[in-house]
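J.: One structure is given below, represented as structure tokens, and several questions about it will come after.
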């Protein structure tokens, strides 16, 4: 329940989304920060290429901001995964003219082919307009706006359908929710995510990037390789601490009461505190 609360913000928050804020990364690439996951935008002569679209109620403001940046509506949209804080605007973006791409598991969950749940409640699939119309198993490359844009599936980590998007020439990587910069991450094991898979996906990414790579996280501020290393160190330590409680025979309530994540309390945030993340790790490692 606590884990999914990070994905499903309160109705009040969704109904009153903050005004989108933009960071210019150069090379016609921007990040839009607002309510939900961070949006990546590539602009240029081939039109707007967009990564994620936040919540449904954020869509009008985000579409207006993209039009301001790109001079028009988005032509291409990639969902890094299926959660509503990253794909909730799909219907509005599709109606504005965007062609939606995603891993095949994203379409399966958004269409209801694979049943999904939020906080123990069954997920109601959005209208068909919100479903990806182009899916892939491993990845897909785009050659747009004088950029090589590589979209590729990573192992089950945040969910079973996570993708990352790499802008090759400017060396910018959007990691989706496989990177919560400086925050305890959401690991949605109910959607095929995996605690150990999440750590492995971050480590694999670390081995592919350079000190110059700029990282757009799913949540949090822009990051670097050093920031990703800090996140990996936190998760390694947290897993070891919680696994120790499991090996000692603690029940979940006993493990939570012993506050094993105290050394990493600075990573706690409004949706995922120490107790909630201890619960996520305990349940994910106990399987």
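The values are calculated or read from the model by the stated rules, or taken from the named source; none is laboratory data. Everything numeric here is computed off the predicted structure, so don't read it as measured data. No Cβ is skipped: glycine too gets one built from the backbone with ideal geometry, and neighbour counts run over all protein chains shown.
J.: Among the helices (runs of 4 or more DSSP H) confined wholly to the range 209-287, which include 3 or more residues that are in contact (Cβ under 8 Å) with a residue 40 or more places away in the chain, touching a helix residue (DSSP H, G or I) at 6+ places or on another chain (Cβ under 9 Å) and under 27 Å from residue 79 (Cβ atoms)?
T.: 225-247, 274-286
J.: Okay, moving on. Of everything in the range 133-158, what is within 16 Å of residue 29 (Cα to Cα) and in contact with a strand residue (DSSP E or B) (Cβ under 6 Å, 6 or more places away or on another chain)? Give them in sequence order.
T.: 142, 144, 145, 147, 149, 150, 151
J.: While we're on this one: Looking at residue 267, is it under 21 Å from the mean Cα position of the chain (by Cα) and modelled with pLDDT under 95?
T.: Taking the combined requirement at face value, the residue does not satisfy it.
J.: Turning to a different aspect of this structure: For the range 99-111, which positions are more than 26 Å from residue 64 (Cα to Cα), surrounded by 23 or more Cβ atoms within 10 Å (Cβ to Cβ) and touching a strand residue (DSSP E or B) at 6+ places or on another chain (Cβ under 6 Å)?
T.: Listed by number, the list holds a single entry, 103.
J.: Testing residue 193 on (1) closer than 30 Å to residue 113 by Cα; (2) in a strand (DSSP E or B), one condition comes back false. Which one is that?
T.: Tallying (1) closer than 30 Å to residue 113 by Cα; (2) in a strand (DSSP E or B), residue 193 fails exactly one: (2).
J.: On to the next question. Collect the residues in the range 110-135 that are at pLDDT 95 or above, more than 19 Å from residue 92 (Cβ to Cβ) and within 18 Å of the chain's Cα centre (by Cα), keeping them in residue-number order.
T.: The one that is at pLDDT 95 or above, more than 19 Å from residue 92 (Cβ to Cβ) and within 18 Å of the chain's Cα centre (by Cα): 135.
J.: Give 59, 70, 96, 92 a once-over and let me know the one that is at pLDDT 95 or above and either closer than 23 Å to residue 167 by Cα or crowded, with 22+ Cβ neighbours inside 10 Å (or both).
T.: Step by step, each of 59, 70, 96, 92 is checked, and only 70 is at pLDDT 95 or above and either closer than 23 Å to residue 167 by Cα or crowded, with 22+ Cβ neighbours inside 10 Å (or both).
J.: Here's something else I'd like to know. Mind checking which residues of the range 178-210 are surrounded by fewer than 17 Cβ atoms within 10 Å (Cβ to Cβ) and at pLDDT below 95?
T.: Result: 190, single match.
J.: Kindly indicate which of 166, 152 is surrounded by fewer than 19 Cβ atoms within 10 Å (Cβ to Cβ) and either in a loop (DSSP other than H, G, I, E, B) or without any contact (Cβ under 8 Å) to a residue 40 or more places away in the chain (or both).
T.: Going through 166, 152 in turn, the sole match is 152.
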